Ligand SMILES: [Zn+2]
Ligand SMILES: [Zn+2]
């Protein structure tokens, strides 16, 4: 068993690419009611990859328009700011996810602090698969054989678990302390951390609904404090969500295309 | 071709003594062709009363054109009783959502989730099918030619031009003409303005000379200054468009929820005063109002 030092993991995190500036800027601008259309358009236009992707999505959806949409301004006149914002956020998320396609990383997509925390809480596993694949394989194998939680095996083989690595990554990317903290403890039951409890619960729902399991198929039990947050036990919570097949399809649409 | 308003209200149904004349139900317009074919524009709460009417004429075949999936344009659909009765047929047309890449069927599926509605989709005993519309791609239903065009709103919204029996009608759905996001001193201003002008010109071309223009006109000019970017037009914007397109009749619809009958009467009087030479008939859309073109 290889012993990996904390410094070694920190060095790996350093090698991770930056969270695209335009992405955090767009999330910031779109979550504020009074950011101007001008500012939002400027950020999108300043990112040629995003601009290209928006135009590509629009031109394929609206292929029958008499003239091709060749600029964000043109797109704005046709579909309006709101749809452009939503497209930009969706594309931003794919842009962050696309470079990595590792078998054990399942991405979760939903929108705000919850959205970002939900999106990034397992990013630490990317650090492992990118730079410490062999040790991570051991951890995966062990948790699979023992039907035990992956994060415990990670600590054993990698000296740190993915939640901790995700936290360091989140801070490196300039995300808020609240988000980083909630990511760090998403496998523990921290009664006062609402965001973290939501990630934890959402993970259990995702497993139950077979949306994905991030290499950890065990459905964990909600604590009494978590049940208190949602006001109903887990099975009722699932029932209240109703048919999530639509959400499922949307998630697959993003990840699959 | 004739058409009838079953819902003229925007955003939320407003029942009560102050909305008796113009109606409190949300958007729904029935079109009947000379051959008695049925086309329905949007399925706001107004469709409930229309459905009661349709029950007398079963089996029915209805072509439903959805402008967009905001609640006030779809919330009546699960309450359209004939949809649960075998022998009826519904063909629902709408745009694909560019974010989810899903078609108009999603709207009904979402509404019929058990947390929101007690009857599941597989209990729709009528034959229900869905068709995606694509901007500027004409299609023919029941002898009517439909031209969908994408119009600016916070979600993908289609305006529909309906040509049938030598007559024509255009319904905007919810629409706000994109405004210039730049200040006149910004370098981008004039180029962006040119793009806006171009898109308005092509809309004017499309609806040139229609017998009836039914247009979202939620706000007074004064209100609009506070509600720019909300996705709705003012009375004045509707009149301006109608003038430029030389329409024969203009119907102002999507009445703002707080607007009483008295308010609308007053607005109508003022509009006639402010625009003495309209050159077309001006109407405030009114629930149960039926127009033969
Ligand atoms: Zn509306
Ligand atoms: Zn709307």
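The values are calculated or read from the model by the stated rules, or taken from the named source; none is laboratory data. Just so we're clear, the structure is a prediction, and the values are computed from it rather than from any experiment. Cβ sites come from the backbone with ideal geometry, for glycine too, and all protein chains shown count toward neighbours.
Consider the range B:76-103. How many of its residues are more than 11 Å from chain A (Cβ to nearest Cβ) and not in a loop (DSSP other than H, G, I, E, B)?
Total satisfying the criteria: 13.
For the condition touching a helix residue (DSSP H, G or I) at 6+ places or on another chain (Cβ under 8 Å) and within 16 Å of ligand 2 (Cβ to nearest atom), what is the one hit in B:101, B:88, B:25?
Residue meeting the stated conditions: B:25.
So that you can scan it fast, the table gives a plain yes or no per residue for (1) crowded, with 19+ Cβ neighbours inside 10 Å; (2) farther than 23 Å from residue A:34 by Cα:
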{"position": "B:186", "(1), (2)": "no, no"}
{"position": "B:191", "(1), (2)": "no, yes"}
{"position": "B:204", "(1), (2)": "no, yes"}
{"position": "B:208", "(1), (2)": "no, yes"}
{"position": "B:222", "(1), (2)": "no, no"}
{"position": "B:227", "(1), (2)": "no, no"}
{"position": "B:235", "(1), (2)": "yes, yes"}
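Consider residue A:120 carefully, then state whether it is within 14 Å of another protein chain (Cβ to nearest Cβ) and at pLDDT 75 or above.
no
Please go through the range B:136-156 and give me each residue that is more than 18 Å from residue A:76 (Cβ to Cβ) and within 14 Å of another protein chain (Cβ to nearest Cβ), ordered by number.
Selection gives B:136, B:137, B:138, B:139, B:146, B:147, B:148.
Give just the number: which of (1) under 27 Å from residue A:87 (Cβ atoms); (2) surrounded by fewer than 23 Cβ atoms within 10 Å (Cβ to Cβ) does residue B:43 not satisfy?
For residue B:43, the failing item is (2).
For residue B:237, indicate whether it is in a helix (DSSP H, G or I) and under 17 Å from residue A:80 (Cβ atoms).
So residue B:237 fits the description; yes.
Confirm whether residue B:247 is touching a helix residue (DSSP H, G or I) at 6+ places or on another chain (Cβ under 8 Å), more than 16 Å from ligand 2 (Cβ to nearest atom) and in a loop (DSSP other than H, G, I, E, B).
Answer is yes for this residue.
Quick one: in the range A:78-98, of everything that is in contact with a helix residue (DSSP H, G or I) (Cβ under 9 Å, 6 or more places away or on another chain) and within 30 Å of residue A:154 (Cα to Cα), which residue is modelled with the highest pLDDT?
A:92
Show the residue pairs that are 6+ apart or on different chains and have beta-carbon atoms under 7 Å apart, the first residue being within the range B:171-194 and within 12 Å of chain A (Cβ to nearest Cβ), the second being within 16 Å of ligand 1 (Cβ to nearest atom) and assigned to a helix (DSSP H, G or I).
Listed pairs, sorted by first residue: B:177/B:237; B:178/A:80.
Looking at (1) within 11 Å of chain A (Cβ to nearest Cβ); (2) surrounded by 17 or more Cβ atoms within 10 Å (Cβ to Cβ); (3) modelled with pLDDT under 95; (4) away from ligand 1 (no atom under 16 Å from the Cβ), which is the only condition residue B:124 fails?
Answer for residue B:124: the failing condition is (1).
Here are the criteria: (1) modelled with pLDDT of 80 or more; (2) more than 14 Å from chain B (Cβ to nearest Cβ); (3) assigned to a helix (DSSP H, G or I); (4) surrounded by 15 or more Cβ atoms within 10 Å (Cβ to Cβ). Tell me which single one residue A:220 does not satisfy.
Condition not satisfied by residue A:220: (3).
Please enumerate the residues belonging to the range B:56-75 that are within 16 Å of ligand 2 (Cβ to nearest atom), closer than 19 Å to residue B:150 by Cα and either more than 14 Å from chain A (Cβ to nearest Cβ) or surrounded by 20 or more Cβ atoms within 10 Å (Cβ to Cβ) (or both).
Once the filter is applied, which keeps residues that are within 16 Å of ligand 2 (Cβ to nearest atom), closer than 19 Å to residue B:150 by Cα and either more than 14 Å from chain A (Cβ to nearest Cβ) or surrounded by 20 or more Cβ atoms within 10 Å (Cβ to Cβ) (or both), the range B:56-75 yields B:65, B:66, B:67, B:68, B:70, B:71, B:72, B:73, B:74.
Can you tell me which residue in the range A:40-52 is surrounded by the most Cβ atoms within 10 Å (Cβ to Cβ), limited to those that are part of a helix (DSSP H, G or I), away from chain B (no Cβ under 12 Å) and in contact with a helix residue (DSSP H, G or I) (Cβ under 8 Å, 6 or more places away or on another chain)?
Filtering first and then ranking leaves A:44.
Which count do you get for residues in the range B:155-182 that are within 13 Å of ligand 1 (Cβ to nearest atom), within 20 Å of residue B:252 (Cα to Cα) and not in a strand (DSSP E or B)?
5
Report yes if some residue within the range B:84-93 is closer than 26 Å to residue B:167 by Cβ and within 16 Å of ligand 1 (Cβ to nearest atom); otherwise report no.
No, the range B:84-93 contains no residue that is closer than 26 Å to residue B:167 by Cβ and within 16 Å of ligand 1 (Cβ to nearest atom).
Within the range A:26-39, take every residue that is closer than 13 Å to residue B:182 by Cβ and in a helix (DSSP H, G or I) and give me the one that is farthest from the other protein chains (Cβ to nearest Cβ).
A:39
Go through the range A:61-75 and give me each residue that's more than 9 Å from every other protein chain (Cβ to nearest Cβ) and part of a helix (DSSP H, G or I).
A:72, A:75
Collect the residues in the range B:151-176 that are in contact with a strand residue (DSSP E or B) (Cβ under 6 Å, 6 or more places away or on another chain) and within 16 Å of ligand 2 (Cβ to nearest atom), keeping them in residue-number order.
Across the range B:151-176, the qualifying residues are B:151, B:156, B:157, B:158, B:159, B:160, B:171, B:172, B:173, B:174, B:175.
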